[in-house]
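Down below is the structure, laid out as structure tokens.
The values are calculated or read from the model by the stated rules, or taken from the named source; none is laboratory data. Given the structure is predicted, the values throughout are model-derived calculations rather than measurements. FYI the Cβ positions are ideal-geometry reconstructions off the backbone, even for glycines, and counts take in every protein chain you see. Accessible surface is based on the protein model in full, side chains and every heavy atom, while ligands, DNA and RNA are left aside. Shrake-Rupley method; radii C 1.70, N 1.55, O 1.52, S 1.80 Å.
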Amino acid sequence: QWGTLDIAPGARRPACAGAMSGFGSKTELLNVLGDVKARVQDKLGVVDFPMPQFILIGKQSVGKSRLIEALAGETFNFISGTLGSRRPTVLEFRNVASARSSRWFVRDMKTQMWEEHNLDKVMALVGEMHEELGENVSAEPIYVRIESAGCVDMQIVDLPGFRDFAMDASKQHLAKQIEDLDMNFMRDKRNVILCVEQAADAATMASLQKCRSLDPRFERTILIRNKLDKYYSDLTSDNVSAWVDGHGDLPEYLTRFALTLPFWKEGDQPPKPFRDMIDDKTMEDMNQMSQKGLNPKYMSSIGFKNFASFMEKKIEQMFVESISPVLTKLKDFKSTNAKDWTDLKTEFTETDPHRILSTTRECGVSFAKGLVYVMEGQLGLDYSVTLEEELQEFHQFHRSNDSFSKVPTQEFAGLGDYVEYLRDEAKLASFDVNLNGGAQFRRLMSEVEIFLRFSEIAVETKKRDVIQARGVSMSSLTWRDVVVKLLGNEAHLPLQRRVRYVGERIRWFFMSQKDAVLDWMTKLEGRDDKVFSMLLPQAAKIINQNEITKHLLYEAWDKACSRQLNHFLELFDNMLTSTFSNPWVFLKVATVGDGGVDDDLETIGDSVVKTKLRIPKEIESRAGTETLLAQWFNAIPTESSQIDDAVDKVQMLVLKTYSYIRSQMCDQVEIFSESFFKVPMLRQLEMDMAAIQLSDEDSSRYKARRERLETDIKGKQEVVTEIDDCINRITNFKNTCQARGMRMGA
């Protein structure tokens with residue numbers, strides 16, 4: 001591309017673009033968008049803002065400063081000390097045709113306000129801002145504005161020059177910092193790169209190679225080959241076009257210019273007005289290249305005036321095209337901040353000292369209700385885990401708790417072995433599925449049932465234990481009593497420790513559902529189905545915004561889980577104690593009728609006579625286990641001479657009885673968990689939340705929170721007002737441009 005603005009033939013130019021010429025609107029456009037950028041991107045700290053800008057890069061001494069002077073239309077020298085520039089300088093050039101002299105401004109870094117100074121003061125301020133960095137660099141820019149009749153309408157960021165040579169380690173470190181700073185600016189796809197190189201062979205252009213590494217197609221790179229006059233003598237009619245073309249080293253799609261800028265002996269004054277010298281050098285470049293037979297198609301890329309003309313059109317096109325994206329971004333930004341502002345005001349109202357306790361309780365009640373809905377099964381929640389992840393988190397939570405076994409048997413070397421067994425051998429359903437809520441609870445029940453079934457009597461029943469349990473006389477106790485003693489001594493504790501595991505797993509499950517419940521409540525906002533109360537998302541908003549409320553509710557939730565764990569263990573322990581005290585009652589089989597379901601249905605509405613006949617049959621039907629037990633006990637010899645045989649049979653009976661108890665417990669673990677833990681938890685959690693009390697410390701925290709909220713509300717209001725002003729300014733400018741374009745078209 002040879003210095004031409006890329007506008008497709010027949011393409012409709014934006015309305016603003018048609019209004020630029022003749023009305024001074026180009027300067028106004030740059031002022032409007034430049035001010036918006038300063039207020040939104042810099043003052044409000046918004047980084048991702050669709051505002052285009054030119055950045056100037058190159059090595060030291062390639063003529064970057066003189067190029068900036070040419071764009072400004074006058075000479076100046078920003079003194080940056082012996083170490084050179086170490087931070088970006090944002091230069092805003094505004095063409096004011098009526099201006100008789102230049103006006104210079106520097107934006108104060110603290111107030112973000114433009115302050116007018118004379119040129120000497122501007123140069124001193126810029127020098128001080130570089131020197132204060134020492135041998136470091138900063139990405140925080142210096143902002144300078146010039147208004148004059150001779151400058152080009154544009155904004156450019158002058159970056160510190162790349163350093164080729166560094167004599168010591170500190171200078172090498174500075175050179176690396178500068179390169180990192182420049183490369184970060186070059187990576188930003190909103191930045192158009194002006195790459196200044198000396199007019200040497202294209203193959204030796206190091207800065208251009210850096211551009212190629214980040215912009216391979218040179219879609220946002222413009223090459224300026226400076227000091228063209230040094231190569232006049234090397235150019236002939238045979239090579240001039242090939243040289244401009246880069247001898248094949250420059251791709252055709254790279255926009256490039258070759259030019260000479262005015263120069264004079266350092267320390268002397270310019271021999272004539274600087275603008276006249278720029279015109280002279282432009283004419284000299286074009287005449288020399290024309291005389292040497294340069295192909296006419298390349299002439300638009302020669303000389304500063306062609307470059308300046310291209311830049312004026314390019315920046316106009318870029319900024320006009322950015323108006324709609326900037327407006328869209330501003331409106332999105334306003335919407336987000338207006339919502340935050342509203343939320344902060346709502347929280348401020350809800351945390352009124354006279355309402356804070358009721359607000360916290362109401363949020364807690366909604367939070368507890370959310371658990372019921374999540375247990376019923378909700379889709380699209382962020383919190384969900386596989387069984388392996390769940391067990392890893394559980395083990396991490398209890399890493400220092402040795403009150404229960406965390407793997408079902410010592411045969412497993414650790415959690416990894418147990419997880420592998422569940423996945424590969426037990427083939428537990430939904431093992432690898434990410435679940436939460438009720439589905440996760442059902443999977444947990446399957447896992448803890450397997451865990452319980454691994455329960456075995458901890459030690460082998462020995463002959464001495466059997467004799468000791470029988471007492472001093474062979475006729476002191478029955479064999480039933482001996483079995484009960486042995487079961488209570490050897491089997492009760494192992495099963496009790498495994499029941500503790502079940503309780504801890506359920507407690508941890510409910511504790512882990514807090515985030516899932518809050519996630520679900522938060523995602524209800526904006527839904528129009530009206531299936532769920534709007535109090536749920538409102539409560540979620542307060543909980544998310546207020547860490548104090550969140551802490552209180554989470555703490556109450558965890559306390560409820562711990563209370564239910566103790567209640568669960570107490571009930572289960574009582575049942576185990578009763579079971580091992582008289583296992584024979586526990587082992588009675590269920591009573592069923594002679595028939596199946598049809599017989600059961602027929603009993604509905606039975607007469608008293610039929611009922612009286614049915615009851616004895618059902619009681620008799622469960623006698624099978626008692627008969628079997630009686631046969632086993634009768635088979636145990638009572639003679640002292642047969643004690644070895646008696647011991648063997650007692651050992652067998654202890655194991656069989658324990659296996660029956662274990663099977664019954666495992667078969668019924670889900671109903672026990674439902675009855676002793678889940679149902680009471682779901683029923684009582686709301687009451688726990690409604691009974692929350694605030695301590696003096698909590699009240700003090702809320703007071704401090706309200707003070708911060710007042711500051712945050714004021715800050716958000718200022719942000720929304722600032723954005724509104726920016727939107728109105730751009731919208732008014734756009735409407736004015738469109739009106740001018742309509743009049744011109746008429």
- Using a ≥ b ≥ c from the Cα gyration tensor of segment 57-188 (square roots of the eigenvalues), is it rounded, prolate or oblate, where a/c under 1.5 gives rounded and otherwise the larger of a/b and b/c decides, a/b for prolate? prolate
- Quick one: net charge of Glu69's neighbours, Cβ under 13 Å, K/R +1, D/E -1? +2
- Task: Can you tell me which of 395-404, 654-663, 130-139 comes out highest on packing, and rank the rest after it, using the mean Cβ neighbours within 10 Å?
- Result: 654-663, 130-139, 395-404
- Note on the structure: With x for Gly and Pro, the residue-by-residue ³J(HN,Hα) of segment 698-705, computed from phi through the Karplus equation 6.51 cos²θ - 1.76 cosθ + 1.60 at θ = phi - 60° and given in whole Hz, is 4, 4, 5, 5, 4, 4, 5, 5
- Simple label model, 7 Å out from Cα along Cβ direction - Ala242 to Thr577, nm: 10.4
- Going through Lys345/Lys541; Lys110/Lys176; Lys189/Lys210 one by one, the pairs whose alpha carbons sit over 19 Å apart turn out to be Lys110/Lys176
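Probe of 1.4 angstrom, ligands and nucleic acids ignored: what's the accessible area per residue over segment 87-209, in square angstrom?
It amounts to 46 Å² per residue over segment 87-209.
Please calculate how many Å² of accessible area segment 491-539 carries per residue, with a 1.4 Å probe and no DNA, RNA or ligand atoms counted.
Details: 1960 Å² over 49 residues.
Counting only protein heavy atoms, the per-residue value for segment 491-539 is 40 Å².
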- Query: Any idea of the accessible area per residue across segment 269-419, 1.4 Å probe, to the nearest Å²?
  - Reply: 50
- Once fully extended, how much extra length lies between Ala124 and Ser695, figured as 0.36 nm per residue of separation less the alpha-carbon to alpha-carbon distance? 199.7 nm
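Rounded to a whole number, what % of the accessible area of segment 285-421 do carbon and sulfur atoms account for, probe 1.4 Å? Spell out each step's value before the answer.
Details: 3100 of 6620 Å².
Solvent-exposed carbon and sulfur of segment 285-421 make up 47 percent of the total.
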- Given labels modelled 7 Å from the Cα in the Cβ direction, how far is it in nm from Arg706 to Asn544? 2.5
- Under 15 Å by backbone N from the virtual spin label 7 Å along Cα-to-Cβ at Val372, the residues of segment 535-571 are 535-536
- Flagged links, alpha-carbon separation over 21 Å, of Lys369/Lys406; Lys329/Lys523; Lys59/Lys171; Lys292/Lys313; Lys406/Lys485: Lys369/Lys406; Lys329/Lys523; Lys292/Lys313; Lys406/Lys485
- By average Cβ neighbour count within 10 Å, what is the ranking of 246-254, 66-74 from highest down? 66-74, 246-254
- Message: At 7 Å along Cα-to-Cβ for each site, give me the label-to-label distance between Asp382 and Asp645 in nm.
- Response: 7.3
- Message: If each residue of separation counts as 0.36 nm, what is the full-extension length gain between Asp268 and Gln684 once their alpha-carbon separation is subtracted?
- Response: 140.7 nm
- Note on the structure: Expressed as a percent, the accessible surface of segment 160-280 that is carbon or sulfur, using a 1.4 Å probe and the full set of protein chains, is 49
- Message: Cut-off under 18 Å on the C-alpha distance; same-chain residues fewer than 8 positions from Lys714 excluded. Which aspartates and glutamates are left, in chain and number order?
- Response: Asp340, Asp343, Glu347, Glu350, Asp352, Glu722, Asp724, Asp725
- Message: Expected output is a single nm value to one decimal: the length gained when fully extending between Gln209 and Gln668, i.e. 0.36 nm times separation in residues minus the C-alpha distance. What is it?
- Response: 157.9 nm
